[in-house]
Amino acid sequence: MLKTLFPNGLKKAFTLSYDDGCYDDIRLLGMMSSRGIRGTFNISSGITRPEGQEFIGAWERMTPSELENYDREGIEVAVHGVRHRDFTKISESELIYEIMADKSAIERRFSRVIRGAAYPYGSFDDRSVEALRRCGIKYCRTVWSDDSLKMPADWLRLRPSCHHSDPKLGEMTERLLGEDEPERRMLYVWGHTPEFRRDSNWELMERLLDRVAGRKDVWYATNIEICEYELAARALEYSADGGYVFNPTSLEIWLERNGEPMSVKPNETAEAWRE
Ligand SMILES: [Zn+2]
């Protein structure tokens, strides 16, 4: 098997994941769009600020009409439980409803098929993982920092690199952007935008995005774009002697052959090695 690379042969990826569908997301969305940064917002669609009610607090949600702010290029909207209930503390039928009612409401609102999620309170167990899988969810983010830039092994127990307030963020950002290493790496940062208001540190995010944005060697992607790419890469099929690789998926997959990038287009076969 050949080593997987990101699209266009890249070895670095950057993504964001922000929870709860808060009013302060509007500011982050603007910061991301102006710099070409892509990412994911996890929404509890059953909890919104009443239409016409002015924003006054720190942790208030979007009104239903403000949700249109998420409807833009490079932004994924994902499931966060329709009422933000703890997946490990409700009955199985309530759990399925939390997932499916949120998924369905977001799908109708944004005319998309939603396949991503984040655990409310970061709380999960084997039952919730299985329920998500059965509901067509491909990945679900926890709040347990991986403290690394490694690609996730288990997408339904997805561990972010770190929270934006993690003191290691600066060092991890420099490691992402540093010299090429043999392995691919991804910086995956999560949080809640009202934390920037509470902690008066929006400039922390400004600095991070300024540092990471606009580079030719970084893949900027939403959570689901990265997850779907990884799942497609895992679906590649090799000939018995490993000499050929067939791509049965709908995505062009990039691989490393003899230290050089190559790609296999959808429904095509490529040489994995030559004598
Ligand atoms: Zn939450």
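The values are calculated or read from the model by the stated rules, or taken from the named source; none is laboratory data. Quantities reported herein were computed from a predicted structural model and do not represent experimental measurements. For neighbour counting, all protein chains shown are included, and Cβ atoms are generated from backbone atoms with ideal geometry for every residue, glycine included.
Would you say Thr173 is β-branched (Val, Ile, Thr) and surrounded by fewer than 21 Cβ atoms within 10 Å (Cβ to Cβ)?
yes
For residues in segment 94-148 being part of a helix (DSSP H, G or I), of a type in the set (Val, Ile, Thr) and more than 16 Å from the ligand (Cβ to nearest atom), which is surrounded by the most Cβ atoms within 10 Å (Cβ to Cβ)?
Looking at the filtered set, the residue picked out is Val129.
For segment 68-93, name all the residues that are surrounded by 15 or more Cβ atoms within 10 Å (Cβ to Cβ), over 15 Å from Asp19 (Cβ atoms) and away from the ligand (no atom under 16 Å from the Cβ).
Residues satisfying the conditions are Asn69, Gly74.
Among the numbered criteria (1) away from the ligand (no atom under 15 Å from the Cβ); (2) within 20 Å of the chain's Cα centre (by Cα), which single criterion is violated by Thr63?
(2)
Can you find a residue that is free of Cβ contacts under 8 Å to residues at least 40 places away in the same chain and either part of a loop (DSSP other than H, G, I, E, B) or in contact with a Lys or Arg (Cβ under 8 Å, 6 or more places away or on another chain) (or both) anywhere in segment 26-47?
yes
Quick one: is Leu209 under 20 Å from the mean Cα position of the chain (by Cα), modelled with pLDDT of 95 or more and within 16 Å of the ligand (Cβ to nearest atom)?
No; evaluated as a whole, the condition is false for this residue.
Restricting the search to segment 196-214, which residues are surrounded by fewer than 17 Cβ atoms within 10 Å (Cβ to Cβ) and within 11 Å of Phe14 (Cα to Cα)?
Ala213
So Leu177 passes all but one of these: (1) free of Cβ contacts under 8 Å to residues at least 60 places away in the same chain; (2) of a type in the set (A, V, I, L, M); (3) farther than 21 Å from Leu231 by Cα. Which condition number does it fail?
Every condition holds for Leu177 apart from (1).
Does any residue of segment 259-267 turn out to be part of a loop (DSSP other than H, G, I, E, B), out of contact with any Leu (no Cβ under 7 Å at 6 or more places or on another chain) and modelled with pLDDT under 95?
Yes, segment 259-267 contains at least one residue that is part of a loop (DSSP other than H, G, I, E, B), out of contact with any Leu (no Cβ under 7 Å at 6 or more places or on another chain) and modelled with pLDDT under 95.
When the residues of segment 8-24 are narrowed to those that are more than 20 Å from Ser161 (Cβ to Cβ) and not in a loop (DSSP other than H, G, I, E, B), which ends up farthest from the ligand (Cβ to nearest atom)?
This residue is Gly9.
Residues Trp219, Trp202: which one is of a type outside the set (Val, Ile, Thr) and closer than 20 Å to Cys22 by Cβ?
Unique residue meeting the criteria: Trp202.
Identify the residue in segment 82-123 that is touching a strand residue (DSSP E or B) at 6+ places or on another chain (Cβ under 7 Å) and aromatic (Phe, Trp, Tyr) and, among all such residues, is farthest from Asp71 (Cα to Cα).
Tyr119
So is Trp190 closer than 25 Å to Leu2 by Cβ, assigned by TED's automatic domain parsing to the domain that holds Gly39, under 13 Å from the mean Cα position of the chain (by Cα) and crowded, with 18+ Cβ neighbours inside 10 Å or not?
Against the criterion (closer than 25 Å to Leu2 by Cβ, assigned by TED's automatic domain parsing to the domain that holds Gly39, under 13 Å from the mean Cα position of the chain (by Cα) and crowded, with 18+ Cβ neighbours inside 10 Å), Trp190 does not qualify.
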